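For reference, the structure is listed below as structure tokens.
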Amino acid sequence: MRIVMPLIALVLSAPVIAQTSKAPTMTYPASPRVDQVDEQFGVKVADPYRWLENDVRTDAKVKAWVDAQTAATNAYLATLPGRDILAERLKTLLDYERFGVPVKKGGHYFYTRNAGLQNQAVLYVRDSLTGAGRVLLDPNTWSKDGATALSEWVPSEDGGKLLYGVQDGGTDWRTLKILDVASGSVLPDTVEWVKFSGLAWAKDGSGFYYSRFPAPPSGEKFQALNENQKVYFHALGTSQERDRLIYETPDHPKRGHGAQLTEDGKWLVITTTEGTDNRYEITVIDLTAAKPVPRTIFKGLENEWTLVGNDGPNLYWATNKDAPRLRIVSTNLFARSAEVPIHEVVPEDKNGAVLESASILGGKIVADYLVDVKSEVRRYGLDGTPEGKVALPGIGAVVGGSGTQADSEAFYAFTSFATPTTIYRYDVKTDTSTVWAQPKVAFDPTAYAVEQRFYASKDGTRVPMFIVRRKDVRGPAPTLLYAYGGFNISVTPAFSATRIAWLEQGGVLAVANIRGGGEYGKAWHDGGRLANKQNVFDDFIAAGEDLKAQGITSKDGLAIQGGSNGGLLVGAVTNQRPDLFAAALPAVGVMDMLRFDRFTAGRYWVDDYGYPAKEADFRTLYAYSPYHNIKGGRDYPAILAETADTDDRVVPGHSFKYVAALQAADIGPKPHLIRIETRAGHGSGKPTDKVIAETADAWAFAAKWTGLAIRPVN
């Protein structure tokens, strides 16, 4: 039974801060309740803030609520000591030259560079390895507020053309355009409604393969479900309406499809998914055939199949078939048996290492493994013969790479918590790495210590955690605990200038590699999803308890942070253990676990969360859903939720409803606020000035409630 009552009139009050003996108590803007109740499996589920799901761009009541909440939040943030100091320091810390991994095509080197405080990185090209770069695309000129970004980009095989995506205001939607590299002119070709798409040039540069969704209904661009994705070929010089349909599955509208080409241009490989799990169908098309037709070689959406490279009809794959931590196999596409024969090339590691990625570079298989959450790169012959490890600069993570099967010159990026991301050129023939671009930063990386320790979760599971702090910080100190815990995503050591602003004030950073991620393969992922999702929260809570027990942080000195699925994590553990944390920073979180699958990309997430419409899943989801489990009668930590108006990945209604419920509950005097960014999305493409403002607010808020004193840095 579904009961719906009309939305009552929206009355907004000005923010008021009243003093009490415990802490300032805020009178929040009004969040009117509606009598919305959904009955699911005999459970009456109240959803009094359903109206806040509406799009802020088109609903005047939601916009008025957002404006009032923003005024209240800004009024409070303006009172925080050290906020301006942090903002100025963040400008200095971010004002350093940083490069992206270069891509070599046709003797040209394409790469991104940010001079420091540019809102968006600029795309450059060099005509030789050490030559002078010239600007190809400067997104900083595309909009007045700097919120229009360059997203994906791919040079053609000869380096003469560049296919690139434009991302406006943080949305996941892309507009594809083409640049003539020699002249710098943008061609008239324009492709719309592209999202979650691979981009692949035809070998001869005549056009490119891409994926797109149908145009959403009018007014629903940022909320409509994404279904019926199809693969197309766009021929240069033609309109989008003439693009040739390559592949679709109309009987399975929830399936998505991405296309890539083998390096020789002979095989189009289409990867089909239905959710976020690495469970794929693989369809290949022989582009040299007189009548190319799709042939599905791996069926059933059961296993991961990631293309490593090819040697003629022999295609190499990284797969978890019969290998939970992955292995490398090959298949011969000329085999015409009912099932394509699979030949093992590199077996699954026997000692627990997880294969993260692999490529064929200069005739060698180069594979990146995770060993206790740290990168280890290994070389193999095409027959799988081990050829040792690639020497890395230290303990950290390889976070990106480029190269080709025929060229011995490749590039990769290396980073760690206190090591700014550095780009290396790797010579496959000599097995040597040299620095291609190394940033100069406004702090001393050697002043920081990084350690990894392990702690026991509630059920005894051994969980790794990184601890980062200044070497001179001793004893309990205000600590920021971060985790993600989902979707098979591994949280590896990575540099962040914004985190340095916290660390150099004497704060501690802790990163817990909790279950749900991919740090130890399929078992680690499975241990933290679906019916096992509570393990994720238990792991995170145990991390906080361990930080206190080991004297790293104090009784009232622990703040927690997480974004997206990590925002869900922060919301859930705050409900379960509000006594453990002093402050909580949930960003762009999935907060309503009963309706997440009704918007944009939310339907993909059922692989990790389950189906709200299935009873067993519903009962699991309802038990931890942050929005539905706020309990009054006990003090909650200070909470600053963050979201953005153009987030069409996790729609902002999640955070809107969650904060409205927090503010209505009897959960103590600490502030429970929401920071709503404009012209921003889920995170990618966010301009530097917005990053600085957002981080200064978050760190000042956390510092206030953990007791971290913010002082000017010389």
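The values are calculated or read from the model by the stated rules, or taken from the named source; none is laboratory data. This one's a predicted model, so the numbers in the text were calculated from it and none came from an experiment. Don't worry about glycine lacking a Cβ; one is built from the backbone with ideal geometry, like all the others, and counts go over all protein chains shown. Protein only, heavy atoms only, side chains kept; ligands, DNA and RNA dropped before computing areas. Shrake-Rupley method; radii C 1.70, N 1.55, O 1.52, S 1.80 Å.
Listing for the model above:
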| item | result |
| --- | --- |
| Strands (runs of 3 or more DSSP E) enclosed by region 112-212 - at least 1 residues per element that are farther than 22 Å from Gln240 by Cβ and open to solvent by 30 Å² or more (accessible area, probe 1.4 Å) | 122-126, 134-137 |
| Within region 669-691, considering residues that are assigned to a helix (DSSP H, G or I) and under 19 Å from the mean Cα position of the chain (by Cα), the one farthest from Ala78 (Cα to Cα) | Thr688 |
| Given (1) crowded, with 22+ Cβ neighbours inside 10 Å; (2) farther than 15 Å from Trp173 by Cβ, number of the condition Thr646 does not satisfy | (2) |
| Number of the condition not met by Leu594 [criteria: (1) at pLDDT 95 or above; (2) open to solvent by less than 30 Å² (accessible area, probe 1.4 Å); (3) out of contact with any His (no Cβ under 8 Å at 6 or more places or on another chain)] | (3) |
| Meets criteria (open to solvent by less than 60 Å² (accessible area, probe 1.4 Å), at negative phi and out of contact with any strand residue (DSSP E or B) (no Cβ under 6 Å at 6 or more places or on another chain)) for Asn310 | yes |
| Region 141-186 - residue that is free of Cβ contacts under 8 Å to residues at least 12 places away in the same chain and out of contact with any strand residue (DSSP E or B) (no Cβ under 7 Å at 6 or more places or on another chain) and, of those, nearest to Lys105 (Cα to Cα) | Ser183 |
| Hey, Asn575 modelled with pLDDT of 95 or more, touching an Asp or Glu at 6+ places or on another chain (Cβ under 9 Å), under 26 Å from His682 (Cβ atoms) and not small (Gly, Ala, Ser) or not | no |
| Residue within region 318-326 that is open to solvent by 20 Å² or more (accessible area, probe 1.4 Å) and either among the polar types (S, T, N, Q) or in contact with a Cys (Cβ under 7 Å, 6 or more places away or on another chain) (or both) present | yes |
| Helices (runs of 4 or more DSSP H) wholly inside region 469-562 that include at least 1 residues being within 22 Å of Trp705 (Cβ to Cβ) | 497-503, 534-549 |
| Candidate set: region 274-290, residues that are open to solvent by 30 Å² or more (accessible area, probe 1.4 Å) and of a type in the set (S, T, N, Q); chosen: the one farthest from the chain's Cα centre (by Cα) | Thr288 |
| Residues (open to solvent by less than 40 Å² (accessible area, probe 1.4 Å) and either assigned to a loop (DSSP other than H, G, I, E, B) or under 30 Å from Leu90 (Cβ atoms) (or both)) located in region 450-468 | Ser457, Thr461, Pro464, Met465, Phe466, Ile467, Val468 |
| Thr73 being outside any loop (DSSP other than H, G, I, E, B) and either modelled with pLDDT under 95 or touching a Lys or Arg at 6+ places or on another chain (Cβ under 9 Å) (or both) | yes |
| Inter-residue pairs, beta-carbon under 7 Å, first in contact (Cβ under 8 Å) with a residue 40 or more places away in the chain and in region 661-687, second of a type in the set (D, E, K, R) and assigned to a strand (DSSP E or B), 6+ apart | Arg675/Glu642 |
| Yes/no for Tyr611 being assigned to a loop (DSSP other than H, G, I, E, B), among the aromatic types (Phe, Trp, Tyr) and at pLDDT 95 or above | yes |
| Residue, modelled with the highest pLDDT, within region 662-702, restricted to residues that are in contact with a Gly (Cβ under 8 Å, 6 or more places away or on another chain) and among the polar types (S, T, N, Q) | Thr688 |
| Elements of type strands (runs of 3 or more DSSP E) contained in region 374-448, each with 3 or more residues being open to solvent by less than 30 Å² (accessible area, probe 1.4 Å) and free of Cβ contacts under 8 Å to residues at least 24 places away in the same chain | none |
| Subset of region 489-537 [of a type in the set (D, E, K, R), surrounded by fewer than 22 Cβ atoms within 10 Å (Cβ to Cβ) and either under 24 Å from Asn629 (Cα atoms) or free of Cβ contacts under 8 Å to residues at least 40 places away in the same chain (or both)] | Asp526 |
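For (1) over 30 Å from Tyr111 (Cα atoms); (2) modelled with pLDDT under 95; (3) not aliphatic (A, V, I, L, M), each residue gets a yes or a no:
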site: Phe414; (1), (2), (3): no, no, yes
site: Thr430; (1), (2), (3): no, no, yes
site: Ala447; (1), (2), (3): yes, no, no
site: Val463; (1), (2), (3): yes, no, no
site: Arg469; (1), (2), (3): yes, no, yes
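Residues checked against (1) within 21 Å of Ala703 (Cα to Cα); (2) more than 15 Å from the chain's Cα centre (by Cα):
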site	(1), (2)
Ile560	yes, yes
Gly563	yes, no
Asn575	no, yes
Pro578	yes, yes
Ala584	yes, yes
Thr600	no, yes
Trp605	no, no
